[in-house]
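As structure tokens, the structure follows; a few thoughts come after it.
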Amino acid sequence: GKKLGYTFNHGNLHNVSLGQGQEVVAEQALDLAAQEGHWVILQNIHLVAKWLSSLEKKLEQHSEGSHRDFRVFVSAEPAPCPESHVIPQGILENSIKITSEAPTGMHANLHKALDNFSQDTLEMCSQEKEFKSILFALCYFHAVVAERRKFGPQGWNRSYPFSTGDLTISVSVLYNYLEASSKVPYDDLRYLVGEIMYGGHITDDWDRRLCKTYLEEFIKPEMLEGELCLAPGFPLPGNMDYNGYHQYIDDALPPESPHLYGLHPNAEIGFLTQRSEQLLRTVLELQPRDGSVAEGGVGTREETVQALLEEMLEKLTDEFNMAELMAKVEERTPYAVVALQECERMNALTAEIRRSLAELELGLKGELTMTSDMENLQNSLFLDTVPESWVKRSYPSTASLGSWFADLLARINELEAWTRDFSLPSTLWLGGFFNPQSILTAIMQTTARKNKWPLDKMTLQCDVTKKSREDFASAPREGAYVHGLFMEGARWDAQTGIITDARLKELTPAMPVMFIRAIPDDKQDTRAMYPCPLYKTRQRGPTYVWTFNLKTKENPSKWVLAGVALLLQI
């Protein structure tokens, strides 16, 4: 615009940021610009979905008879899902489309982070050596946190909109602090960058810990002594000019790999596998949905669904008789209460499964009119996904329908065995609970009552045994043995009893049986421990259950950066 003489000062460039009733202003700007040959910039049109049809008509009107220099520039955020695709087809077809894609890979991200500065920036601080070192470390930190997103939940529990603004403001803060102080205030800088500039975006406590750990590794006194490596094989560069830093990235940065982020190579296998599964599922959903015989003569869609439906109804056991179970319980101990709650929730789920399958069966026979809910259920059964109405009454799971249903039957078996006499099983399948927190809390309540300890001053201690579930014949006197846990990001070395590096291609190795017992807070040993989060599924985030301290010989920060967690399902 400037090159061609279009600026705000000349009055021939109009910029309208849409939202909050700016539609009328936009229309007036378009009418004026069409007559006078001005340029119009309409920002964030995705915020005014209802007005876009009017915009389409307006642009169509002005496409003929308007000034030949008239131009309209439109911007919108990428849509997170197909339902958010609100821009009319007419606008898309008649426009030249440009997408701004973020750089991919550490190499491109680090160059882009450094591009925000210049030789003048590097020379502006009186403490030049310190300023340059920390600025480069901040660029690497910015590139790492931005690109780590691609590893999914093992990278960040949630996705955050880190931007170059966070980096440039952090460098301004660095400049101000170094000018005001002769010593480098490492703690203050880490706090401002990690808790405010970048931390302001972060809503998950585990992600906050990760961000803080990166800064503790990258910004510390050793960086000025030439002893700091930002990644294996990538030392922090010494005193160079601006072009020298760009050259250093080209020459010294190792090839793209999870090691650059502190992650294990398995993290890449995991996220590429998930991407492939997503792609194949999308292809499957795009298949034609007519009733004709499928390729290979498997039978019609209806026949496939009918066979699956009958098999499920046959395998599904009767609901738990709650009145009978209540009468059987002699004393409502915390464990008995958990068992009853789990049975109630299981009843709600199996009742919905039975009801919806029976209804669909009648629909397929032609005895009931097919509703949209029945069609959705039919589609889910055909595509091997868990139906929406079941998910609402269920537990978090990433499994396909076949695996999910087998898992459901296993959960019912566990509950049936437990409720025969309500004595605690020799080892508990922690992943088999709707609410795993309830059984862990019950362990604390039982111990608190027995020893007359205050519940709010207690914590759970986790000791990893060397045995598997078959080796246990009875429950312990205090606490509980739990099985069915997996570790992601590392593995447990049963011989030495510590966390150690994962083996290549073993993404989620199983944990041995763990002995969980309650102890007073002040008796807890936190030395050489990694506080490891436990999640229900690989989606992490909202499926958080508890934190267990696990022994480690290495610095716990290694496991924080590697995204090490325990999972109840894989």
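Mind pulling the per residue volume of the convex hull built on the Cα atoms of the chain? Å³ is fine.
Numbers: hull volume 136.7 nm³, N = 570.
Expressed per residue, the convex hull around the Cα atoms of the chain is 240 Å³.
So if R0 is 41 Å, what FRET efficiency would Arg281 and Gln247 give, r being the distance between their Cβ atoms, rounded to the nearest 0.05?
The computed FRET efficiency comes out at 0.40.
With no solvent and one point on each alpha carbon, what is the Debye value of log10 I(q)/I(0) for region 175-334 at q = 0.09, 0.16 Å⁻¹?
Taking Cα atoms of region 175-334 as identical point scatterers yields -0.69, -1.13.
Accessible surface of Trp453 in the full protein assembly, 1.4 angstrom probe, to the nearest 10 Å²?
Counting only protein heavy atoms, Trp453 exposes about 90 Å² to solvent.
Obtain the radius of gyration and the Kirkwood radius of region 204-253 from its C-alpha atoms and give Rg over Rh. Intermediate results must be reported in sequence, preceding the final value.
Values: Rg = 13.2 Å, Rh = 12.4 Å.
So for region 204-253, dividing Rg by the Kirkwood Rh gives 1.07.
First select every other residue whose beta carbon is under 10 angstrom from the beta carbon of Thr104; then total the charges, Lys and Arg +1, Asp and Glu -1.
Values: positive: Lys150; negative: Glu101, Glu147, Glu256.
Every neighbour counted, the sum reads -2.
Using a probe radius of 1.4 Å on heavy atoms only, what accessible surface per residue do you get for the chain? Whole Å² is fine.
52 Å²
So how do 473-483, 237-247, 435-445 stack up, highest first, on mean other-Cβ count within 10 Å?
Final packing ranking: 435-445, 473-483, 237-247.
Give me a comma-separated list of calculated 3J(HN,Hα) values for region 417-429, in order, Karplus coefficients 6.51, -1.76, 1.60 applied at θ = phi - 60°, integers in Hz, x for any Gly or Pro.
5, 5, 7, 5, 9, 6, 8, 4, x, 4, 9, 8, 8
Which of the lysines could a cross-linker bridge to Lys466, judged by Cα under 16 Å and excluding same-chain residues fewer than eight apart?
Lys551
Exceeding 30 Å between C-alpha atoms, which entries from my cross-link table qualify? They are Lys467/Lys523; Lys2/Lys97; Lys97/Lys132; Lys315/Lys536; Lys328/Lys467.
Over 30 Å Cα-Cα: Lys97/Lys132; Lys328/Lys467.
Restricting things to alpha carbons, tell me how big region 1-126 is in terms of Rg and Dmax, in Å.
Cα-based Rg and Dmax for region 1-126 come out at 18.5, 60 Å.
Show me the ranking of peptides 88-96, 138-146 by mean Cβ neighbours inside 10 Å, starting with the highest.
Output ranking for 88-96, 138-146: 138-146, 88-96.
Give me the distance in nm between label points sitting 7 Å out from Cα along the Cα-to-Cβ direction at Glu27 and Leu368, one decimal.
4.8 nm
May I ask for the net charge around Lys212, where only other residues with Cβ less than 13 Å from the Cβ of Lys212 are counted and Lys, Arg are +1 while Asp, Glu are -1? Please report the intermediate quantities before stating the final value.
Details: positive: Arg190, Arg208, Arg209, Lys220; negative: Asp187, Glu195, Asp204, Asp205, Asp207, Glu216, Glu217.
Combined, the nearby Lys, Arg, Asp and Glu give -3.
So how exposed is Lys57, as accessible area in Å² (1.4 Å probe, rounded to 10)?
130 Å²
Quick one: Cα centre-to-centre distance for region 51-82 and region 366-425, in angstrom?
So the two Cα centres are separated by 47 Å.
Show me the three semi-axes of the equivalent ellipsoid for region 482-570, from the C-alpha gyration tensor (sqrt of 5 times each eigenvalue), largest first, rounded to whole Å. Display every interim value, and only then the final one.
Numbers: eigenvalues 73, 53, 35 Å².
Semi-axes from the Cα gyration tensor: 19, 16, 13 Å.
Under 8 Å for C-alpha pairs, at least 6 residues apart: give me the relative contact order for the chain, rounded to a whole percent.
On the way: 746 pairs, mean separation 59.9, N = 570.
Averaging sequence separation for qualifying contacts and normalising by length gives 11 percent for the chain.
Return the distance in nm (one decimal) between the two label points of a simple spin-label model at Gln524 and Thr398, each offset 7 Å from Cα along Cα→Cβ.
2.7 nm
If r is the Cβ-Cβ distance from Glu331 to Lys450 and R0 is 22 Å, what FRET efficiency results, to the nearest 0.05?
That pair, Glu331 with Lys450, gives E of 0.95.
Based on the mean of other Cβ atoms within 10 Å per residue, sort peptides 332-343, 147-158 so the most packed one is first.
Output ranking for 332-343, 147-158: 147-158, 332-343.
What ³J(HN,Hα) values, in whole Hz, does the Karplus curve 6.51 cos²θ - 1.76 cosθ + 1.60 give for region 122-134 when θ = phi - 60°, with x put for Gly and Pro?
The phi angles translate into 5, 9, 7, 9, 5, 8, 4, 4, 5, 4, 5, 4, 5 Hz.
Which percent of the accessible heavy-atom area of the chain goes to carbon and sulfur, probe 1.4 angstrom?
Percent of accessible area from carbon and sulfur atoms in the chain: 50.
Given R₀ = 30 Å, FRET efficiency for Glu83-Ala410 by Cβ-Cβ distance, to 0.05?
Calculated value: 0.30.
Taking θ as phi - 60°, what are the ³J(HN,Hα) couplings along region 228-240 by the Karplus curve (6.51, -1.76, 1.60), each to the nearest whole Hz, with x for Gly and Pro?
Along region 228-240, the couplings run 9, 10, 6, 8, x, x, 9, x, 5, x, x, 6, 9 Hz.
Give me the net charge of Leu377's neighbourhood, meaning all other residues with Cβ under 9 Å from the Cβ of Leu377; Lys, Arg count +1, Asp, Glu -1.
So the surrounding residues net to -4.
The values are calculated or read from the model by the stated rules, or taken from the named source; none is laboratory data. Fair warning: this is a prediction, and the values are worked out from it, not measured in the lab. A quick note on method: Cβ atoms are made from the backbone with ideal geometry, for glycine too, and the neighbour counts reach across all protein chains shown. Note: areas computed on protein heavy atoms with side chains; ligands, DNA, RNA excluded. Shrake-Rupley method; radii C 1.70, N 1.55, O 1.52, S 1.80 Å.
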